[in-house]
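*Asks:* Below: one structure in structure tokens.
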Amino acid sequence: MKYNQLVASKLKEMREISQVSLEGAAELLHEHKSTLSKLENGKMNVNVEHLQAYSQLLKMPVISFLPEGSAIVQISNGDGHNINCHTNINNESDPKLMDSLKMTIKYLSKVVNGK
């Protein structure tokens, strides 16, 4: 299963566990029911804004919707320029991998901030 589909199915699962209907979620999120259905069934790409909206709606941390071992990073310069990074880290004990990820985040932060 692709990463987006894993996240999408997690959104649906957590919404159902919270006993929020699709109709209720659509109304509270100011979205069409069909849009949320496509999102939860993996027919639309899930982005940071979707994760934040579901997080607020269901009163759960964003990490609740990500597959185990995943991370999401959003870097912003405060002027509306954002870079969203999704990564699937299966071995957090690998120091080379973690160093590489930290360096990448640092670099992207400089790019976004124009430095």
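The values are calculated or read from the model by the stated rules, or taken from the named source; none is laboratory data. Treat the numbers as computed from the prediction; the structure is a model and nothing was measured. We place every Cβ from the backbone using ideal geometry, glycine too, and count neighbours over all the protein chains shown.
*Asks:* Quick one: what pairs do we get from the stretch 92-105, first residue part of a helix (DSSP H, G or I), second modelled with pLDDT under 65 and of a type outside the set (Val, Ile, Thr), C-beta under 7 Å, 6+ apart or different chains?
*Replies:* Leu97/Asn91; Met98/Glu92
*Asks:* Can you pull out the residues in the stretch 18-66 that are assigned to a helix (DSSP H, G or I), within 16 Å of Tyr3 (Cβ to Cβ) and β-branched (Val, Ile, Thr)?
*Replies:* Selection gives Val48, Val62, Ile63.
*Asks:* Just a yes or no: is a residue in the stretch 17-30 exposed (fewer than 12 other Cβ atoms within 10 Å of the Cβ) and either touching a residue at least 12 places away in the same chain (Cβ under 8 Å) or within 19 Å of Glu68 (Cβ to Cβ) (or both)?
*Replies:* yes
*Asks:* Kindly provide the set of residues from the stretch 1-16 that are touching a residue at least 12 places away in the same chain (Cβ under 8 Å) and within 15 Å of His50 (Cβ to Cβ), ordered by number.
*Replies:* Answer for the stretch 1-16, where residues must be touching a residue at least 12 places away in the same chain (Cβ under 8 Å) and within 15 Å of His50 (Cβ to Cβ): Tyr3, Asn4, Gln5, Leu6, Val7, Ala8, Ser9, Lys10, Leu11, Lys12, Met14, Arg15.
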